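The values are calculated or read from the model by the stated rules, or taken from the named source; none is laboratory data. All figures in this text were calculated on a predicted structure; none of them were measured in a lab. We place every Cβ from the backbone using ideal geometry, glycine too, and count neighbours over all the protein chains shown.
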Amino acid sequence: MSATGDGPFWKTTAPADMTQAQWESLCDGCGGCCVIRLDEEVTGEEFQTCVACRLFNGTEARCSDYANRTARVPECIVVTPQTAASLTWFPETCAYRLVAAGRDLPEWHHLVCGDRDAVHTRGPGWRGRTVSEDAAGDDLERFIVREVR
């Protein structure tokens, strides 16, 4: 963090000192945290699917009921400054993880470039690339897109 306070808030303010609005604004809206990963219990391998939480609107790449998401999907994770660094299954480009680790935001992040669509046009966004959890059914293995290393 900058001692002078010069620069954007994510470089000058510790995550624990950010306002709720500042913290929430870090989310780039990629949708990566809403996409289901599978763990192979025997080998420990982890696989990324293209199946998204039932509340994820794949066309808009956002939660369809963000305010009530944890009531409707109890396993939904609320990211806080205290938990951000431990959420290693979130995308490596996740702004919460980056800022918690003292790193800068990518050039396509909306707070850097001013374009909320850049995460989908130049970054790792999931808009238009997911299948609904309801539509996928129980056979999630057929929706694996890559192994996570």
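For the reader, a short list of remarks on this structure follows.
- Selection status of Ala118, touching a Leu at 6+ places or on another chain (Cβ under 6 Å) and either more than 30 Å from Gly44 (Cβ to Cβ) or touching a residue at least 24 places away in the same chain (Cβ under 8 Å) (or both): no
- Residues (surrounded by 13 or more Cβ atoms within 10 Å (Cβ to Cβ), out of contact with any Phe, Trp or Tyr (no Cβ under 6 Å at 6 or more places or on another chain), among the aliphatic types (A, V, I, L, M) and farther than 19 Å from Cys63 by Cβ) located in the range 76-101: Ala85, Leu98, Ala100
- Taking the range 47-63 as the range and being polar (S, T, N, Q), touching a residue at least 40 places away in the same chain (Cβ under 8 Å) and part of a strand (DSSP E or B) as the test, the residues that pass are Gln48, Thr49.
- Residues in the range 76-91 that are over 12 Å from the mean Cα position of the chain (by Cα) and in a loop (DSSP other than H, G, I, E, B): Thr80, Pro81, Gln82, Thr83.
- Checking Ile77, Ile36 one by one, the residue that is β-branched (Val, Ile, Thr), modelled with pLDDT under 95 and in contact with a strand residue (DSSP E or B) (Cβ under 6 Å, 6 or more places away or on another chain) is Ile36 and no other.
- Scanning the range 34-46 turns up one or more residues that are closer than 19 Å to Trp126 by Cα, touching a helix residue (DSSP H, G or I) at 6+ places or on another chain (Cβ under 8 Å) and surrounded by 12 or more Cβ atoms within 10 Å (Cβ to Cβ).
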